[in-house]
Amino acid sequence: MPSFAVTPRSSAYFSALTQEIDKKLQKAIASPNQRRDLLQALFADIALEVDDRARDIILGREDAASDSLIEVKIPICFYDVLADHFSLEPEHGKPILVLIVQLWSQPFASHIFALLFHKWLFEVELDNSDVLLRYSSALVQGATNVFWIDIQTNTTHFQSLFLYLFDDVALMPMRLKKIPLQTQRDLFLLLSRFIFLYNQVDKIESFLKNFPEFPNAFLIGGPADMFVIELTDQLQKLKVEPVLLHYLSHIKVLQGLELRMTTSTRLKTCLYSFTSPGGPMYPTRAVRHAAWDALDFLFPVGRYPRHIISLFFRLMYPWYWPSSCWNFVLSCIQAILYSILSRIFPSFKSRNPKQS
């Protein structure tokens, strides 16, 4: 079901939007020197949230007698409703698609394609296997790029795109089979890297059951191994502290997964790299504590020896001693204070706040 009401006014509005996108793409083709800036501006435009006036037109609220009034979750962006429009009216999107193909190798072309045609790709029938492979590969590449924008800005602006690819494609075998097997594999690896960002950890079991077959599964392992490998690689690339803390707070859901020894060691090494200050990760204090919590939870065996070894390594860096001592003193004071308060006021719930 589309997220908008099909009325004469909304149809006219979509036609105007389509013409405007067409003009900007043609201008980008005709202006090689300004091509990147024009495509970037177009990408920003279609990623914008729909304003109140446009929302009333799109949702049919200006026509009180309309029977096709549809309520949607707010906020909605232009790419959300345009993707629905092009999937319902494929002919309207063909001129834009032709222009995007001409700009295929340009920056932001795959971003725009992924936002506008991610639903269209699974609704139309494409007989040419080469064209289907090209489009589906562009979808995965474009989705990767826009999801990284969310990571770098610590937002979930493109969550609706992720949820469509996750719920309506990856978990729907009949729709998933519309794209080539290689792209299916790439899509699942992509979703594995961003599943924590968009808070879909409760669906990991179903996600792993739908994993496509990989030719190197004999060497790497099953779906759980591939999922954890992609997630581990993603962790090592994260530089935004709130996002990294978000990932580390969810990683405990991996407990119970049957992993190969090499995969388990890879994950353990990754988490351990975040527990020490300095290079190569240069984690903050909050990240180090979150990594220790995740490491001790997932790998309880050897917990105390790890902490002792870490302490000895910390002693090799005397410039960290003052901050370590200061934080230790603060932790002791807080623990004593909460203990006293809990004794004086029985109803007081003692809690140990995380250091940030």
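The values are calculated or read from the model by the stated rules, or taken from the named source; none is laboratory data. Since this is a predicted model, take the numbers as computed values, not measurements. Every residue, glycine among them, receives a Cβ derived from its backbone with ideal geometry; neighbour counts consider all protein chains shown.
What number of residues within the stretch 260-297 satisfy the criterion of being of a type in the set (Gly, Ala, Ser) and part of a loop (DSSP other than H, G, I, E, B)?
Narrowing the stretch 260-297 to residues of a type in the set (Gly, Ala, Ser): 264, 273, 276, 278-279, 286, 290-291, 294.
Those left that are additionally part of a loop (DSSP other than H, G, I, E, B): 276, 278-279.
Number of matching residues: 3.
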Practice task
Starting from the stretch 32-46, take each residue that is hydrophobic (A, V, I, L, M, F, W, C) and list its partners that are not in a helix (DSSP H, G or I), counting only C-beta distances under 8 angstrom and pairs at least six apart or across chains.
Solution key: Leu38/Ser31; Leu39/Leu103; Leu39/Gln106; Leu39/Pro107; Leu39/Phe108; Leu42/Phe108; Phe43/Phe108; Ile46/Cys77
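From the list Asp22, Asp52, which residue is at pLDDT 75 or above, of a type in the set (Asp, Glu) and surrounded by 14 or more Cβ atoms within 10 Å (Cβ to Cβ)? So that I can check it myself, show each step before the final result.
Numbers: Asp52 fails: surrounded by 14 or more Cβ atoms within 10 Å (Cβ to Cβ).
Asp22 is the lone residue from the list that is at pLDDT 75 or above, of a type in the set (Asp, Glu) and surrounded by 14 or more Cβ atoms within 10 Å (Cβ to Cβ).
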Practice task
Determine whether the stretch 95-115 contains at least one residue that is in a loop (DSSP other than H, G, I, E, B), closer than 25 Å to Asn210 by Cα and of a type outside the set (Lys, Arg).
Solution key: no
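Among the residues in the stretch 57-66, are any touching an Asp or Glu at 6+ places or on another chain (Cβ under 6 Å) and either at pLDDT below 95 or crowded, with 18+ Cβ neighbours inside 10 Å (or both)? If you could, list the steps in order and put the result at the bottom.
Of all residues in the stretch 57-66, those touching an Asp or Glu at 6+ places or on another chain (Cβ under 6 Å) come to 62.
Restricting the remaining residues to those that are either at pLDDT below 95 or crowded, with 18+ Cβ neighbours inside 10 Å (or both) gives 62.
Yes: the stretch 57-66 contains one or more residues that are touching an Asp or Glu at 6+ places or on another chain (Cβ under 6 Å) and either at pLDDT below 95 or crowded, with 18+ Cβ neighbours inside 10 Å (or both).
Out of everything in the stretch 116-131 that is in contact with a helix residue (DSSP H, G or I) (Cβ under 8 Å, 6 or more places away or on another chain) and not in a loop (DSSP other than H, G, I, E, B), what residue ends up being farthest from Phe162 (Cα to Cα)? Talk me through it step by step, then tell me what you get.
Pass one, the stretch 116-131, residues in contact with a helix residue (DSSP H, G or I) (Cβ under 8 Å, 6 or more places away or on another chain): 116-124, 126.
Retained after the next criterion (residues that are not in a loop (DSSP other than H, G, I, E, B)): 116-117, 120-123.
On the way: Leu116: 13, Phe117: 13, Trp120: 15, Leu121: 15, Phe122: 15, Glu123: 17 Å.
Per the criteria, the residue is Glu123.
When you go through Ser206, Ser192, Ser273 one by one, which is the residue that is modelled with pLDDT of 95 or more, hydroxyl-bearing (Ser, Thr, Tyr) and surrounded by fewer than 18 Cβ atoms within 10 Å (Cβ to Cβ)?
Only one candidate qualifies: Ser206.
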Fill in the blank from the handout: Contact list, first residue from the stretch 237-250 and over 18 Å from Asp202 (Cα atoms), second anywhere and of a type in the set (S, T, N, Q) and in a helix (DSSP H, G or I), beta-carbon distance below 8 Å, six or more apart or interchain, is Val240/Gln152
Practice task
State whether one or more residues within the stretch 22-43 are of a type in the set (A, V, I, L, M) and not in a helix (DSSP H, G or I).
Solution key: no
Exercise for the section: Working only within the stretch 298-346, note down all residues that are in a loop (DSSP other than H, G, I, E, B), of a type in the set (Phe, Trp, Tyr) and at pLDDT 70 or above. Expected result: Phe299, Phe345
Exercise for the section: Quick one: Ile76 ticks every box in (1) at pLDDT 95 or above; (2) under 18 Å from the mean Cα position of the chain (by Cα) except a single one, so which number is it? Expected result: (1)
Problem - Within the stretch 251-274, tally of residues that are over 15 Å from Ile204 (Cβ atoms) and in contact with a Ser or Thr (Cβ under 6 Å, 6 or more places away or on another chain) - result: 2
